[in-house]
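What follows is a short report on a single structure.
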Amino acid sequence: MLAITPLDGLPLLKEGDDLAGLIVERAKKLGVGIRNRDVLVVGQKAVSKTEGRIVDIDNIRPSARAARIAKKTGKRPEFVEIVLRESSKILRADGEAFIVTTRTGATCLNGGIDKSNVKGDSMYALLPQDPDRSARLLSGRIRKLTRKQVGIVSAILEAGPSGEDRSRSA
């Protein structure tokens, strides 16, 4: 039987929070718990926040390349600079879309960088540096807390052209 249970109600996350502990506690409070061989889908931003992958673009000095691309895309040069730093290849950069391949190989609008549910007008969440490692650590911590083996899937949620995603993740 397949059951999908959203673990809504998690607090807004910050660097250093025990994401695994919060997931286990929330699942327990919702009465579903964590069972052996469950597969948990975790929004990448939850991982990014707890790993401290938040950047203040007001502290970024854009390169000349970022300034040129910013003119084509209509985005702030500082934002373009952080996308470039996190990317290995630009696939499209114009007024409609800024699509890149990230250093980890994902193809994303704005490099997966967005600001929804991130406090501060100039603060943005980057993708996790090593998503596979993040998933292994999260799974291991959940196993330590519950003695259950779980799979972790990190979801990169769709981001709109402004860099604001359309989700309501933690």
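Please report the net charge: other residues with Cβ closer than 12 Å to the Cβ of residue 27, K and R +1, D and E -1.
Spelling it out: positives minus negatives among the neighbours equals +2.
For the stretch 36-144, what ratio Rg/Rh do Cα atoms give with a Kirkwood hydrodynamic radius? Numbers along the way, then the final one.
Details: Rg = 15.3 Å, Rh = 14.8 Å.
That ratio is 1.03, to two decimals.
With a cut-off of at most 15 other beta carbons within 10 Å, and DSSP calling the residue loop, which GluC sites (Glu not before Pro) in the stretch 42-111 qualify? Please list them. Intermediate values should be presented prior to the final figure.
Values: sites: 51, 78, 81, 86, 96; in loops: 51, 86, 96.
Answer by residue number: 96.
Once the other residues with Cβ under 15 Å from the Cβ of residue 153 are scored (Lys, Arg +1; Asp, Glu -1), what is the net sum? Each step should come with its number before you reach the end.
Details: positive: 37, 45, 133, 136; negative: 38, 132.
The answer is +2.
Net charge within 9 Å of residue 70 by Cβ-Cβ distance, Lys/Arg positive one each and Asp/Glu negative one each, not counting residue 70 itself?
Working: positive: 68, 71, 72, 75, 76; negative: 78, 81.
The answer is +3.
I need the trypsin sites (Lys or Arg not before Pro) found in the stretch 1-33, filtered to DSSP loop residues with at most 11 other beta carbons within 10 Å of theirs. Walk me through the numbers before you get to the answer.
Values: sites: 14, 26, 28, 29; in loops: 14.
Here the sparse-neighbourhood loop sites are 14.
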(request) Excluding residues on the same chain fewer than 8 positions from residue 119, give the lysines whose Cα lies under 23 Å from its Cα. (result) 14, 45, 49, 75
(message) I'd like the antiparallel share, as a percent to the nearest 5, of DSSP beta bridges with both residues in the chain.
(response) 70 percent
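Just flag the trypsin sites (Lys or Arg not before Pro) in the stretch 73-148 sitting in loop per DSSP whose Cβ has no more than 12 other Cβ atoms within 10 Å. Intermediate results must be reported in sequence, preceding the final value.
Working: sites: 75, 85, 89, 92, 103, 115, 119, 133, 136, 141, 143, 144, 147, 148; in loops: 75, 103, 115, 119, 147, 148.
Answer in residue order: 119, 147.
Read the figures in this text as sums done on the coordinates, not as results from a lab. As the structure is a computational prediction, the values presented were derived from the model and not from experiment. Heads up, the Cβs are rebuilt from the backbone with ideal geometry, glycines too, and the neighbour counts pull from every protein chain shown.
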